[in-house]
Structures are given as C-alpha cells and as structure tokens.
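S.K.: Shown below is the structure under consideration.
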Amino acid sequence: TVAEMSSGLDTGMDSLSLNDTRPVEKDIAEHPAIESTLLINCDEELQCSSADELCQRLNCRPDTPVKVVSIFGKTGDGKSHTLNHAFFDGRPVFATSARPESCTVGVWAALDSQSRALVLDTEGLQGETSNENQRTRLLLKILAISDIILYRIKADRLQNDMFLFLGDASRSYTEHFKDELVKAIPKEDSGNIAPLSRFGLKAIVFHETHHTETLAGGDQDLCDRFERLSSTGKSCAYAKLIYVGIRSSPGQPTNFEPLRKRLHRALHSNEIRSPRPIRVIYGMLRALNEKFSGQISDLRRSVFPDEYFTCGSRCVCCQAKCTLSMNHGSAGGRGHLAPPDSNCRYTAERDNKVFLCETCYLRGQRNDVAYQLSGRGESGLFGLAKYAWSGYVLECPTCGVIYRSRQHWYGNEDPERAKVVRSEVRHVWDDADVVPGAEGSLNAAQRLLDGVNFAVSSVSAALPTQVITDYISDSIAPSNWVPNSQIEKCHRCGMSFLEEPDMDKHHCRSCGQGFCHRCSNYRAHVSGYGSDKVRVCETCYSSSGSAPASVVANDTKLRQYTELLTSACGSVYSSTAGAIKSFARPSYWQRDDDISQCSCCEKPFHSKRSIHHCRRCGMGVCDPCSPKRQPVPARGWDIEVRVCNKCYQKA
C-alpha cells in the first residue's frame, strides 16, 4: 500500500559511497565523450531499428545489464540540466537551452557507465505540441520500462498535476503495461529476470523551492498526499515514494548533492528489479510501442489511461466503446467486444438486427440465419421460380430451410411469431462495413439475381442470338420493310449501326426503311395499322401523303400482334423484376428511386444509361464509372463484383 512506501528507507542499501572507485567491468567501454541519442521521436516512432543499433550508439554490448532511470516534469523546469548534474558531473550530455522553445523533443537516451544506468530524458509536460494525449501516452510507455522515475518540479508548492500524472501512470502500468512487459521478456532470459509483480517502481520527487519551506515530513508526507490526491486504481505500481526537497536562493545554482545521494541508494537497493540487458529493455519498449500505438483524440482530458490504451472503436448505433486493448485485431486477433451490460439499438440505416435459429439456440448453439431467395442446392432459375411461388426462405446451416414466407395459401405467420427464429440487435463498429453475422443477409438475394442476370446477359449478348432475333423479326415484318440484316446505317443521318452496337434499329411503318431512334421518333396514322398512331420517320411525318399502296392491311396484323404481346410480356416482366430487385436490394444500397445521376461522373441517368450499384459503397453509378471488379469480403462478396472507380482507388 502507499502507507508502506515510507517504511524501510535504507533497506537494502549497500556500502558503496558516492566516490566509489572500483573498476568498471569491461563490457562497458570507458568513453570520455558521452553523447545522448534520440531513442523515440514525438510521433512515437523508434529511431533505432534494433537493439544492436541502440547499443552501437551507446557504445556498449546488447547484454550489458543496466537499470533504467527516466525523468519527467513540466517543460522549463530543468529536467535535462538535472540529469547532466545527477549522472554526468554537469557535462552537457543532454541538450539544454535558454531559448523559449523546448530543447527536448521526444525521448533521448545516454549510458552512465559509473552507475550502470540507462538514463532517459523525456519531453516536458504542458509544452507546445499538436497532440498532448499522444505525448502523454509516449511518456507513460517510457515510465513503464523504467526502474526509477525522477519527477522534477520547480515550484514553491507541490502541484496537483504531479499527483494526477503519477496516479494515472500507476494505473496504466498495473492495468495495461505489466502483462505486455512479461510477454516481451525472451524465454531464455525469463529465469534471470525477477517477476515484475515482485518489485515495483521507485519514484523520486525532486522538489526545488525559492520562497517556501520543503515538506517537513519528507517521504511520509509525500505518500500521504499522493494517497489523498491521486487515483491509483486497485493497486499501486510504486514500491517506494522518495521525497528530495531543497530550498535555493534566487540566482544561486541548484544543489544536486542530496539528489545524487538518494539516486545512488536507489540504484544499489534490492527493493527494485535487478539490472536487465539492454536488448531486453529495447524489446520491452518495442513491444509496448507496437501494441499501444495509432491515432488518438487530441481533446484535453482529466483521467486518461483507459482512453489511451484501449481500442478506440465505437458502435455507430449506440456509441458503446470496445473494451479490448489497442490493436487487438492485428495478426488475426479477435474482433471488437462491447461492455457486457451494453444493449445496442436498432437503426434502419445499418439494419443491425439479425436472426438466430430458435431450435439451435435452445440446444446452446448460435446459428445466424438470413433472408434468401432460395435455399442451398437450388439453382438460380429454379430458385427464382420457387421464390415467385413460395416466397423468401430462412435457412439454418444445421437445420436447413426452417421458414418460407408463403409456405401456405393463407395464415402464414411472421418468422418470430412462428417461433422459428429469435431476433438480436448487434453492434456495428465504426471501422467495419457490415454487422457481424449479417454478411450473408446483406446480399444473399442480390447474389442470386446477379447470377441469373449474368447467365441471361451472357446469352443475349452473343452474336448468334442477335442473328436469331433479326431472323425472327424479318420473318414477321411487313413485305415493304427492309430486312434487319441489310440495315448497316440510319437511312437519314447515316449513323453506322456497326460502330454503335448498342443503338437499336427502328423501321418506319410507312416507307419501311431502317432508322435510328432520333430520326424515327415520330407518330402518325398509317393505313393498315388501324386508328393508332405508329412510328414513322421524319420524312414521312412531314409528307401529307398516305402510306404506299403496297402496304396491305393484313400484312401488318402479325407484326401488330407481336408488338402487343411483347409490350404486355415486357410490362409483366418489368413489374416482377422490379419487385424482386426491390426485395433483393441490400440494405446499404441507395434506392433506385433516389438516384438521378451517377455518384462519380454526375451524369444523369436515362434509358440508354442504366443504373448500377457499387458493391462496396452501395451508391448508384453508371457503367463507364464502374468497370472494375474485385471481391468485397466486408460486404459478403467473396467473388469479384462491380465496384465504382472511387472505391477501387481507395482499396
């Protein structure tokens, strides 16, 4: 407990003095010109690719055992200056500056061969930064790998910010960092390094005042204030809190001798972990940096550890926050997990309600079922016909088809009321495109229609089919019509039908010549066609004469009947196809009635510019803006499907 921190001040202190002159072991080279090196920058990016590179910069071997000492405090309180005097006899190992800008950005490292300590100088709190939360997370990771932390404060009184930082750091260490640090220890070193749960950190508060007295109670007074003002959670990460207070006269140099004595005792005490190889320390920092990284909010906060080190994803329907740690989904990890007491709410836009098979649920299994046009094993055309007769189906992977919407002639109940399924509203996370478990329900029906349309379009687009169509049309055409096989261009404007294969051929009911739609978009009475106006070309429409005498009334009857039948069948097909498409439309697709122009090129849709849907974003696009094909697993499309140019470039 915090109260126990003040006991045993000199426990474990050896007989070494500040002027100990015992020879240094040969694994640390005596290098008179000690220099600091940038360990990690302000963007939380390691500046050493390996432990060997770090040791090369520090002029030591990877197996060199050291203890880690890091310093924290507000910017401008002289942290770098303090380290230079506490470890390096005042030499400017860490940069200092009289300029108003911060002289330490990121985290810098230097090796003190005499005390066998890896000294880390950190960026100051409350300094200029674009994201204070990210900087604080960086400082907490440095604190986690340290054996001794030094908090430098230059003020007449201890401030609440210091207690909040130390308390939040304790929570971060015990709740988020400790397990990750244990995982980062190599197996070959696990037997030589004491368990992290046995020894905690030592925190030294170096308090310098000018006009007020220091704490009279020393360590115990500091512990009492820490326990009262900070929030450490269930357990405290600090094995001991040490107070070093000095009162300096304005304009006089700071006396660092009391701090050097307490640092010397702490470094040689058996109350903290034994020295660790530098390669192990580097591996721990690398593991923490990979685990707890990524963008975080730059909003100011009061209590932050959970926000900084847990997954930042939220449900877009109810704003529930994922309770797992950062980057839990990397390397095939588990998906998001909401708090156990959070119930999501249904939104029509996300369609986040899924169905579970009731029979399987009572057996202790959770099998999702989704609306489909047909069951497994039913081919595209057969399934389409069966849908028209008995409606959509719900199929369980274990029980098979458990429900058909038109199973009986009358009295069909809703699947929930019939107790064949039970509904469940699930969370939709802000980094996911689909509700977990609902991938199939989004496009099961549309995939069937796509298969049917592909088969039909493959046949209808073939050249032999066009030849057969022209042959049938010529067989029932009036005798004065020019055969389709002989029409290569428009009789009036000369547009080539060979160069424009999608352009339809039309016959003037008066002269029988072949025209394009623009040159034959007129209606007039023609003898032999009854009282209705029929298609004629511009020339015949302008002429005051009647149809040529060669046109016999009976000669047009077959063509009239064919056009009437085609029109009726087309209306029935359009109505049926429209109803099926409306049902099969995935919930994230834009409705056809709401689409007036392509979402990419913004050109309006018309009879010659069909509406297509991007399978990734669901927006309406034209064919030229969606020529690419690729799988979209997040939406349930495992095969290559249509995507718009915008989504293809993003992917």
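The values are calculated or read from the model by the stated rules, or taken from the named source; none is laboratory data. This one's a predicted model, so the numbers in the text were calculated from it and none came from an experiment. Virtual Cβ from ideal backbone geometry, glycine too; neighbours counted across all protein chains shown. Surface accessibility is based on the protein's heavy atoms, side chains included, excluding ligands, DNA and RNA. Shrake-Rupley method; radii C 1.70, N 1.55, O 1.52, S 1.80 Å.
S.K.: What's the local net charge at GLU499, with K and R +1, D and E -1, over the other residues with C-beta under 12 Å away? Walk me through the intermediate numbers first.
M.R.: On the way: positive: LYS489; negative: GLU488, GLU500, ASP502.
Result for the local shell: -2.
S.K.: Further question on the same structure: Using a 1.4 angstrom probe on heavy atoms only, work out the carbon and sulfur share of the accessible area of the range 589-650 in %.
M.R.: 46
S.K.: Enumerate the amide H contacts of HIS491 below 5 Å, restricted to partners 5 or more residues apart or on another chain; note that Pro and chain-start residues carry no placed amide H.
M.R.: GLY514, PHE515, CYS516
S.K.: Quick one: if you stick a label point 7 Å off each Cα along the C-beta vector at ARG247 and ARG591, how many nm between them?
M.R.: 7.9
S.K.: Now, a different point. Compute the length gained on full extension between SER102 and TYR346: take 0.36 nm times their separation in residues and subtract their Cα-Cα distance, giving the result in nm to one decimal.
M.R.: Here the segment from SER102 to TYR346 would lengthen by 82.8 nm.
S.K.: Over 25 Å between Cα atoms, which of LYS240/LYS261; LYS353/LYS646; LYS489/LYS603; LYS178/LYS261; LYS505/LYS628; LYS603/LYS628 qualify?
M.R.: As for pairs spanning more than 25 Å Cα to Cα, those are LYS353/LYS646; LYS489/LYS603; LYS178/LYS261; LYS505/LYS628.
S.K.: Further, regarding this structure: Put ARG523, ARG265, ARG152 in order of accessible area, largest first, 1.4 Å probe: what do you get? Don't skip to the end; give the middle numbers.
M.R.: Details: ARG523 105, ARG265 80, ARG152 5 Å².
My answer, sorted largest first, is ARG523, ARG265, ARG152.
S.K.: CYS493 versus GLU128, label points 7 Å from Cα toward the beta carbon: distance in nm?
M.R.: Roughly 6.6 nm, to one decimal.
S.K.: Can you compute the FRET efficiency between ARG366 and LYS183 using 1/(1 + (r/R0)^6), with r the Cβ-Cβ distance and R0 = 22 Å? Round to the nearest 0.05.
M.R.: The formula returns an efficiency of 0.10 here.
S.K.: Please tell me the relative contact order of the range 589-650 in percent, rounded to the nearest whole number, where contacts are Cα pairs under 8 Å and at least six residues apart.
M.R.: Once divided by the residue count of the range 589-650, the mean separation gives 28 percent.
S.K.: Which order do the peptides 88-94, 76-82 come out in when sorted by mean C-beta neighbours inside 10 angstrom, highest first?
M.R.: 76-82, 88-94
S.K.: Using 1/(1 + (r/R0)^6) with R0 = 56 angstrom and r between the beta carbons of CYS601 and GLN159, what's the FRET efficiency to the nearest 0.05?
M.R.: My answer for the efficiency is 0.40.
S.K.: Given R₀ = 35 Å, FRET efficiency for ALA95-THR323 by Cβ-Cβ distance, to 0.05? All intermediate terms of the calculation are to be shown ahead of the outcome.
M.R.: Values: r = 42 Å, r/R0 = 1.19.
Efficiency computed from Cβ-Cβ geometry: 0.25.
S.K.: Residue by residue through the range 256-271, what is 3J(HN,Hα) from phi via Karplus (6.51 cos²θ - 1.76 cosθ + 1.60, θ = phi - 60°)? Round to whole Hz and write x for glycine and proline.
M.R.: For the range 256-271, the Karplus-derived couplings read 8, 4, x, 5, 4, 5, 5, 5, 4, 4, 5, 5, 9, 8, 8, 7 Hz, x marking Gly and Pro.
S.K.: Using modelled backbone amide H atoms (1.01 Å from N, in-plane), which distant-in-sequence or interchain residues come within less than 5 Å of LYS628's amide H?
M.R.: VAL643
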